[in-house]
1. If P269 passes every condition in (1) open to solvent by 10 Å² or more (accessible area, probe 1.4 Å); (2) touching a residue at least 12 places away in the same chain (Cβ under 8 Å) but one, which one does it miss?
2. Tell me, please, whether a residue that is touching an Asp or Glu at 6+ places or on another chain (Cβ under 9 Å) and free of Cβ contacts under 8 Å to residues at least 40 places away in the same chain can be found in the stretch 208-218.
3. When you check T167 against the structure, is it open to solvent by less than 50 Å² (accessible area, probe 1.4 Å), more than 16 Å from the ligand (Cβ to nearest atom) and assigned to a loop (DSSP other than H, G, I, E, B), yes or no?
4. With the condition kept exactly as written, say whether any residue in the stretch 97-118 is without any contact (Cβ under 8 Å) to a residue 24 or more places away in the chain, among the charged types (D, E, K, R), farther than 22 Å from H273 by Cα and more than 16 Å from the ligand (Cβ to nearest atom).
5. Among the residues of the stretch 50-65, write down those that are more than 14 Å from the ligand (Cβ to nearest atom) and under 19 Å from H126 (Cβ atoms).
6. Only residues that are touching a residue at least 24 places away in the same chain (Cβ under 8 Å) and either open to solvent by 70 Å² or more (accessible area, probe 1.4 Å) or of a type in the set (D, E) (or both): list them for the stretch 325-335, please.
7. Answer yes if at least one residue in the stretch 47-55 is part of a helix (DSSP H, G or I), surrounded by 24 or more Cβ atoms within 10 Å (Cβ to Cβ) and of a type in the set (A, V, I, L, M, F, W, C), and no otherwise.
8. So how many residues does the stretch 170-189 have that are of a type in the set (F, W, Y) and in a loop (DSSP other than H, G, I, E, B)?
Amino acid sequence: MIPIAQPLIGEEEERAVLEVLQSGQLAQGPRVRAFEEAFAAYCGVKHAIATSSGTTALHIALLAHGIGPGDEVITTPFTFIATANAVLYVGARPVFVDIEPETFNLNPALVEEAITPRTRAILPVHLFGHPAEMPALLEIAERHGLVVIEDAAQAHGAAIEGRKVGTFATGCFSFYPTKNMTTGEGGIITTDDDRIAEQARLLRAHGMRQRYYNEQLGYNFRMTDIHAAIGLAQLKKLEAWNERRIANAAYLTRRLQGLPGIVPPSVRPGYRHVFHQYTIRVLEDRDGLVEQLRARGIGTGIYYPRTLPAQPVYRGLGYDGHFPVAEEAARQVLSLPVHPALTPTDLELIVEAVREGIPDR
Ligand SMILES: *Cc1c(COP(=O)(O)O)cnc(C)c1O
């Protein structure tokens, strides 16, 4: 079976974890600090604040910007549920705006009409590793005095004209095992803003600047040194892995281009897509193709089969509304394996399986 995702854990990670275990310092300590510095340097940003997950990174980033009850946050209906859930955690209301068909990302042309006097922030997602259209979104935010928080959970190393995601605004990354790099579970916030960084550090650890002196209501959303040690080893390999993902994607697109009923992913000029997922559109009988691929030992994923406002949890909160582009994407998308562990033979098997799995015309 060729899996849709495969975390790559080597001897470096094993050795690093063992060292932490033997050091006796298991919780947040020097490795977390070192990982934060290394990740900040990698992105080209002043501060990085490690957290227990991508979800808690989003939660803290929203709190650090003072977003709370009564506020509205504009975001995409086509993402992993954590993006919008974090908005609910702080008592604010996610306002969904439809996506662009080419990149599956928040459509800046539709953002402005969703702005109300309650709007405080825009929360775009760099879905599948393709950067959201940050220049247009930042321009709108500037004009309306809005905060921007980037959900970069799927986009470590993605960039626009050489500028990495997570540096355009406050960035939130995830290190879940299927992401482009992992710490097991983990997340990180990136920012150039000293005040936001300080707030995020306080909120991550019970609002505690000095030991047992608690200034505000905080949380335990810390990363451990065990996880940070894995992250330090993974970060050294991230660029080589991203290059492999990009090369694998280029190969798949070259071979799948022009097949009837299949639309390979597109990359906007000047944008660096790091292919967390290689997501095609299947215009007819997606279920049939999934079945054919499974029979040939190819794992696939549907990210995502439903828009967020159509999820029972959001329906229960009174959400409805029609997001035609996101809904069509939910019906058509299919992610194929693109991860760095694929061999040339694997790639060939994937291409052959898709070619033979689509209906004859
Ligand atoms: C993975 C992911 C998250 C959440 O990260 P966790 O580390 O799983 O909490 C948030 N947003 C998006 C878009 C994601 O893909």
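The values are calculated or read from the model by the stated rules, or taken from the named source; none is laboratory data. All values derive from a computational prediction rather than experimental measurement. Heads up, the Cβs are rebuilt from the backbone with ideal geometry, glycines too, and the neighbour counts pull from every protein chain shown. Side chains are part of the model used for accessible areas, which takes the heavy atoms of the whole protein and leaves out ligands, DNA and RNA. Shrake-Rupley method; radii C 1.70, N 1.55, O 1.52, S 1.80 Å.
1. In the conditions (1) open to solvent by 10 Å² or more (accessible area, probe 1.4 Å); (2) touching a residue at least 12 places away in the same chain (Cβ under 8 Å), P269 misses (2) alone.
2. Step one: of the stretch 208-218, the residues touching an Asp or Glu at 6+ places or on another chain (Cβ under 9 Å) are 208-209.
Then drop every residue that is not free of Cβ contacts under 8 Å to residues at least 40 places away in the same chain, which leaves 208-209.
Yes, the stretch 208-218 contains a residue that is touching an Asp or Glu at 6+ places or on another chain (Cβ under 9 Å) and free of Cβ contacts under 8 Å to residues at least 40 places away in the same chain.
3. Values: open to solvent by less than 50 Å² (accessible area, probe 1.4 Å): yes; more than 16 Å from the ligand (Cβ to nearest atom): yes; assigned to a loop (DSSP other than H, G, I, E, B): yes.
In short, yes.
4. Taking every residue of the stretch 97-118 in turn, at least one turns out to be without any contact (Cβ under 8 Å) to a residue 24 or more places away in the chain, among the charged types (D, E, K, R), farther than 22 Å from H273 by Cα and more than 16 Å from the ligand (Cβ to nearest atom).
5. At the first step, the residues of the stretch 50-65 found to be more than 14 Å from the ligand (Cβ to nearest atom) are 63-65.
Matches in the stretch 50-65: H65 only.
6. If we filter the stretch 325-335 for residues that are touching a residue at least 24 places away in the same chain (Cβ under 8 Å), which is where we start, we get 325-326, 328-335.
Of everything in the stretch 325-335, those that are touching a residue at least 24 places away in the same chain (Cβ under 8 Å) and either open to solvent by 70 Å² or more (accessible area, probe 1.4 Å) or of a type in the set (D, E) (or both) turn out to be E328, R331.
7. If we filter the stretch 47-55 for residues that are part of a helix (DSSP H, G or I), which is where we start, we get 54-55.
Narrowing the set further to residues that are surrounded by 24 or more Cβ atoms within 10 Å (Cβ to Cβ) leaves 54.
With of a type in the set (A, V, I, L, M, F, W, C) added as a condition, the list becomes none.
No, every residue in the stretch 47-55 fails to be part of a helix (DSSP H, G or I), surrounded by 24 or more Cβ atoms within 10 Å (Cβ to Cβ) and of a type in the set (A, V, I, L, M, F, W, C).
8. Here is the first cut: in the stretch 170-189, the residues of a type in the set (F, W, Y) are 173, 175-176.
Next, only the ones that are in a loop (DSSP other than H, G, I, E, B) stay: 175-176.
Summing the residues that are of a type in the set (F, W, Y) and in a loop (DSSP other than H, G, I, E, B) in the stretch 170-189 gives 2.
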